[in-house]
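The values are calculated or read from the model by the stated rules, or taken from the named source; none is laboratory data. What you see is a predicted model; the values in this text were computed from it and never measured. Neighbour counts are summed over all protein chains in view; Cβ atoms, including those assigned to glycine, are modelled from backbone coordinates with ideal geometry. Keep in mind that these areas ignore ligands, DNA and RNA; they rest on the heavy atoms of the full protein, side chains included. Shrake-Rupley method; radii C 1.70, N 1.55, O 1.52, S 1.80 Å.
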Amino acid sequence: MNLRECEASALTLPVNERAILAKRLIESLDALDDSDTERLWLDEAERRYREYKEGGLSARDAMAAVYEARERL
């Protein structure tokens, strides 16, 4: 099962079961040491950058994003 299939399946669970699953997933990440966490963030940043360069993600000016976030608050 790939990530998308797993996510779609998890989203069909009742709310209380999704909460239990989320708690267990977060706890599994808390068990990582700092070097594992840093490696995972670097992998994710590289994946997002690659997807952006390939046209799969859009981007916008950082200041515009901060302004919009502040307006929403």
When (1) in contact with a helix residue (DSSP H, G or I) (Cβ under 7 Å, 6 or more places away or on another chain); (2) hydrophobic (A, V, I, L, M, F, W, C); (3) open to solvent by 100 Å² or more (accessible area, probe 1.4 Å) are applied to Leu3, the one that fails is (1)
Listed by range, helices (runs of 4 or more DSSP H) wholly within the stretch 12-73 having at least 3 residues that are surrounded by 10 or more Cβ atoms within 10 Å (Cβ to Cβ) and hydroxyl-bearing (Ser, Thr, Tyr) are 34-53
